[in-house]
Amino acid sequence: MINFIIPCFFGFILIYGMIKKVDIFDEFIAGAKEGLTTSIRILPTLIILMTCVGMFKVSGGIDLITYAIQPITSLFHIPNEIIPLALLRPISGSGALCIYKDVLVTNGPDSLVGRIASVLMGSTETTFYTIAVYYGATQIKKTRHTLACSLTGDLVGFIMSSLLVYLLFY
């Protein structure tokens with residue numbers, strides 16, 4: 001049954017277009033052209049974001065910040081191995097996945113650190129990437145409270161992922 005959902009969806013679009021007398025091919029071409037234009041428009045933003053993430057990782061900035069906030073994170077029982085993941089997650093999804101993979105390889109997926117990392121990855125967002133892509137695509141210049149609210153949500157996700165894993169598993 002599930003294998004027929006996408007073909008049925010396409011069939012519905014074709015039939016609906018024929019009923020409404022819409023040139024489906026021309027609309028498809030127009031949508032593809034608009035998507036390509038949007039991709040080209042947000043490309044500089046994505047290049048800058050990826051460059052900054054790469055520079056941050058290579059420069060040792062993550063290690064420096066990890067060491068600096070270690071006293072605070074110990075209050076919330078956040079293991080030291082999770083701090084780089086929590087720092088990089090709002091900035092880069094691919095960078096966070098690399099750190100996540102290293103955490104799982106080093107500590108194991110069923111360890112305390114592995115479970116906290118798994119919950120953290122599922123309960124947070126790549127905030128800066130998301131804001132850059134969506135606001136870049138819609139050409140919004142003033143983000144107002146978006147960044148502060150999103151980072152607050154990420155912080156709550158970081159803290160609660162650690163506390164809930166302790167509460168539910170240990």
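The values are calculated or read from the model by the stated rules, or taken from the named source; none is laboratory data. Every value quoted in this text rests on a predicted model; they were computed, and no experiment measured them. Counting neighbours? That spans all protein chains shown, and the Cβs are built from the backbone with ideal geometry, glycine included. Quick note on the areas: whole protein, heavy atoms, side chains included, nothing else; ligands and nucleic acids left out. Shrake-Rupley method; radii C 1.70, N 1.55, O 1.52, S 1.80 Å.
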Scanning the stretch 122-152 residue by residue, the ones that are over 29 Å from Leu36 (Cβ atoms) and more than 13 Å from the chain's Cα centre (by Cα) total 5
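One line per residue, one yes/no per condition, for (1) of a type outside the set (A, V, I, L, M); (2) out of contact with any Phe, Trp or Tyr (no Cβ under 6 Å at 6 or more places or on another chain); (3) more than 25 Å from Thr127 (Cα to Cα); (4) not in a helix (DSSP H, G or I):
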{"site": "Ile15", "(1), (2), (3), (4)": "no, yes, yes, no"}
{"site": "Lys33", "(1), (2), (3), (4)": "yes, yes, yes, no"}
{"site": "Leu36", "(1), (2), (3), (4)": "no, yes, no, no"}
{"site": "Ser39", "(1), (2), (3), (4)": "yes, yes, no, no"}
(1) more than 24 Å from Tyr170 (Cβ to Cβ); (2) open to solvent by less than 50 Å² (accessible area, probe 1.4 Å) all hold for Tyr129 apart from (2)
Flag if Phe76 is open to solvent by less than 70 Å² (accessible area, probe 1.4 Å) and of a type in the set (Phe, Trp, Tyr): no
Residue pairs qualifying under the 6 Å Cβ cut-off, at least six apart or on distinct chains, with the first in the stretch 36-51 being within 14 Å of Tyr129 (Cβ to Cβ) and the second being open to solvent by less than 50 Å² (accessible area, probe 1.4 Å) and modelled with pLDDT under 85, are Ile42/Val133; Ile42/Gly136; Ile42/Ala137; Thr45/Ala132; Thr45/Gly136; Leu49/Ala132
Here are the criteria: (1) under 28 Å from Ser92 (Cα atoms); (2) open to solvent by 100 Å² or more (accessible area, probe 1.4 Å); (3) of a type in the set (D, E, K, R). Tell me which single one Glu27 does not satisfy. (1)
Among the residues of the stretch 10-29, are any touching a Leu at 6+ places or on another chain (Cβ under 9 Å) and modelled with pLDDT of 85 or more? yes
Which pairs turn up if I take residues in the stretch 143-161 that are in contact (Cβ under 8 Å) with a residue 60 or more places away in the chain and look for partners that are open to solvent by 40 Å² or more (accessible area, probe 1.4 Å) and of a type in the set (Asp, Glu) with beta carbon separation below 8 Å, at least 6 apart in sequence or on another chain? Ser150/Glu125; Asp154/Glu125
Restrict the check to the stretch 72-94 and report whether at least one residue is under 20 Å from the mean Cα position of the chain (by Cα) and among the polar types (S, T, N, Q). yes
Any residue at all in the stretch 102-115 that's without any contact (Cβ under 8 Å) to a residue 40 or more places away in the chain and surrounded by fewer than 11 Cβ atoms within 10 Å (Cβ to Cβ)? yes
If we ask which residues in the stretch 141-152 are out of contact with any helix residue (DSSP H, G or I) (no Cβ under 8 Å at 6 or more places or on another chain) and modelled with pLDDT of 85 or more, their number turns out to be 4
